Amino acid sequence: MYHATGNLVGVRQPVLGGMGVGDIDVVAAFAVSPRKVGSDLTEAILMPPNNFPRIAADLPPSGVTVRRGLTDADAAEVERVAGELAGAEVVLY
């Protein structure tokens, strides 16, 4: 929403380390909730469990499908998620 509209309502730090909200493109999303996995990110961010106040805006589909995140700390799970992130320039988790 911030990238598309320029509206910074709800953003505590619009610039951090020289990067602004509009400089960020989300290319991957992970969740452990089975309800969210497989959904578009813009749908998943509003699904329970989520206690963040709702944004009063219609968000267009992001094109980013939520994938299953780490559900266990074993080596196979870590390798699976690491493989999903291969080639990413920056990872924010």
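The values are calculated or read from the model by the stated rules, or taken from the named source; none is laboratory data. Note that the structure is predicted; figures quoted are calculated from it, not measured. All Cβ positions, glycine included, derive from the backbone under ideal geometry; neighbour counts span all protein chains shown. For the accessible areas, the whole protein counts, side chains as well, though only heavy atoms, and no ligand, DNA or RNA atoms are used. Shrake-Rupley method; radii C 1.70, N 1.55, O 1.52, S 1.80 Å.
Distance in nm between label sites at residue 85 and residue 58, each 7 Å beyond Cα in the beta-carbon direction?
Between residue 85 and residue 58, the label points sit 3.5 nm apart.
Per residue of the stretch 20-25, in order, report the coupling 6.51 cos²θ - 1.76 cosθ + 1.60 (Karplus, θ = phi - 60°) as ³J(HN,Hα) in whole Hz, putting x for Gly and Pro.
So the Karplus estimates, Gly and Pro as x, are x, 4, x, 7, 9, 10 Hz.
Which sequence of 39, 62 reflects their accessible areas, 1.4 Å probe, from the largest down?
62, 39
Packing-wise, with mean Cβ within 10 Å as the measure, how do 68-79, 24-35 rank, highest first?
In descending order of packing, they fall as 24-35, 68-79.
Given H placed on each backbone N at 1.01 Å, which residues far from residue 29 in sequence or on other chains put an amide H within less than 5 Å of it?
67
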